[in-house]
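Beneath this line is the structure, given in structure tokens, with notes to follow.
The values are calculated or read from the model by the stated rules, or taken from the named source; none is laboratory data. Model, not experiment: these values are computed from the prediction. Note that we place each Cβ from the backbone using ideal geometry, even for glycine, and neighbour counts take in every protein chain shown.
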Amino acid sequence: MSLDLTNVAAQVISMIAGLKSRRAEQEDHLRYALKTMGNPPVDLEALKQKIKKGKTTWLVAGIADGLNERHPLPPCPPDFTVIATDGSHIDVDRHQSTRCYLINIGSVALTYGMEPNAQLLSSPRLYSEDKDLVITEPGGGREQIVEGNILGAKRSVEECASLAELAAALPEKSAALALLDGTLILWGLAEYPDFVTDILLHSGLLKQLDTMRNLNKNHRLALASYISFPRSTDVVNVLRIAVCPNAVPDCDAQCPPGKKRDCDGLAGVRDRDLFTHLLADGERSALYISPSKIVKEHYGDHAVYFFYMRNEDEVARIEVPKWVAEDKKLLELTHRLIYDQCQRGHGYPVALSEAHEQAVVTGVDRENFWELVESTLIEDHMDSSSSRKSASKKSRWV
């Protein structure tokens, strides 16, 4: 039976009415945030210390080089390359007779200037061996099954590895930007044992970031990730600290549930709302530092910095590793080339769009994949039995 949209329609109308009733309050909160952001008496060093000492129940960005600075678009180099990767996967299906998963990586290299060129590649890889299906603690002992969030993290590592391969093939002395879609932070690993973090992060993602950083000995290579329509509030939370009347904020101790707080006047405002009003087209914000616990504990020289960039009517969040953030030329290259990519891609980096097209795995692809697995098992006279649930989805009862 399909979704009863007639039933849902009334609920949608009610939802929209609620949004309208809250709009005036949200606009008041945004005006308060903009006023706080542009308040000249803000002492940045004092605010940094207040952030450092505070105990909050939400993530607060670190201040790297200012609070409300606006940086204009730098000039574009005459010749440059943008490389990008993206991935899709088919997860393990416990209702199938065979445990396996597939990761498909799309890779793109776009060269602009005197000798323009484009390379597009799709690389699917099937994982079915015991060593691929679990992550094992060194020396034996504990195991972590590779599926769900762990498979998503493994795919992120594979995307970064493919990007490092593309970067290594770039001509020496070239100017290039390496782009990933989404965040550089493997957020979900905080929930898993340390040996999983060591293998996927230290021996995986960070190792690939090391490779790309070292390429700057002979290249001018910047690395960044692009987050479209971000929902983060890290910078707005800086303002919440700024308006807190307590010298050392402590949310749990000073603001029990039900107590009216000064920072409630900023509730519901997102960073993108703030910078939509602060930035002109092509401008970027100041640099901020990710407050993520996993970044602070594990990323080291690859600590994640970020800025916001206005691209016509959208504000995107751009994340870069520390070694890009602290190199003015690499930071300017990142800013310029991402904006250029957005202009070429109708508002979204064209290299990432093309990488996605190479990587995408559709619902039909998934069905065809499992049919291929089952038919091959049958041809080889192997057991191809699946669960009753899987069989029921393939049959119509009415």
Subset tally (residues that are touching a residue at least 40 places away in the same chain (Cβ under 8 Å) and more than 19 Å from Leu180 (Cβ to Cβ)) for segment 316-346 = 2
key: Residues that are at pLDDT 95 or above and surrounded by 16 or more Cβ atoms within 10 Å (Cβ to Cβ), drawn from segment 166-180   = Leu166, Ala167, Leu170, Ala175, Ala176, Leu177, Ala178, Leu179, Leu180
note = Taking segment 20-48 and the residues there that are at pLDDT below 90 and among the polar types (S, T, N, Q), the one that is surrounded by the fewest Cβ atoms within 10 Å (Cβ to Cβ) would be Ser21
message = Report every pair of residues separated by at least 6 positions or lying on different chains whose Cβ atoms are under 7 Å apart, first residue within segment 143-169 and touching a residue at least 40 places away in the same chain (Cβ under 8 Å), second of a type in the set (D, E, K, R) and surrounded by fewer than 17 Cβ atoms within 10 Å (Cβ to Cβ).
response = Val146/Asp132; Glu147/Asp91; Gly148/Asp91; Leu151/Asp91
note = When restricted to Asp194, Asp234, the only residue on the phi < 0 side of the Ramachandran plot, of a type in the set (Asp, Glu) and touching a helix residue (DSSP H, G or I) at 6+ places or on another chain (Cβ under 8 Å) is Asp234
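Could you pull out the residue among Ser162, Ser203 that is part of a helix (DSSP H, G or I), over 21 Å from Ala351 (Cβ atoms) and of a type in the set (Ser, Thr, Tyr)? Step through it out loud before you land on a result.
On the way: Ser162 fails: over 21 Å from Ala351 (Cβ atoms).
It is Ser203.
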note = Checked against (1) surrounded by 16 or more Cβ atoms within 10 Å (Cβ to Cβ); (2) under 26 Å from Trp187 (Cα atoms); (3) in contact with a helix residue (DSSP H, G or I) (Cβ under 7 Å, 6 or more places away or on another chain); (4) not hydrophobic (A, V, I, L, M, F, W, C), Ser162 satisfies every condition except (3)
inquiry  = If Thr183 meets every condition in (1) part of a loop (DSSP other than H, G, I, E, B); (2) at pLDDT below 95; (3) closer than 29 Å to Val361 by Cα apart from one, which number is that one?
reply    = (2)
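Can you tell me which of Asp301, Asp327 is in contact with an Asp or Glu (Cβ under 9 Å, 6 or more places away or on another chain) and of a type outside the set (S, T, N, Q)?
Values: Asp327 fails: in contact with an Asp or Glu (Cβ under 9 Å, 6 or more places away or on another chain).
Answer to the selection: Asp301.
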message = Among the residues in segment 12-32, are any closer than 28 Å to Glu332 by Cα, assigned to a helix (DSSP H, G or I) and more than 27 Å from the chain's Cα centre (by Cα)?
response = no
task = Of the numbered conditions (1) over 23 Å from Ile63 (Cβ atoms); (2) part of a helix (DSSP H, G or I); (3) out of contact with any Ser or Thr (no Cβ under 8 Å at 6 or more places or on another chain), Val238 fails exactly one; give the number of that condition.
result = (1)
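Can you name the helices (runs of 4 or more DSSP H) wholly within segment 316-369 that have at least 3 residues being charged (D, E, K, R)?
On the way: elements: 322-325, 328-344, 350-359.
Per the criteria, 328-344.
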key: Members of segment 134-151 that are crowded, with 16+ Cβ neighbours inside 10 Å and in a helix (DSSP H, G or I)   = Ile150, Leu151
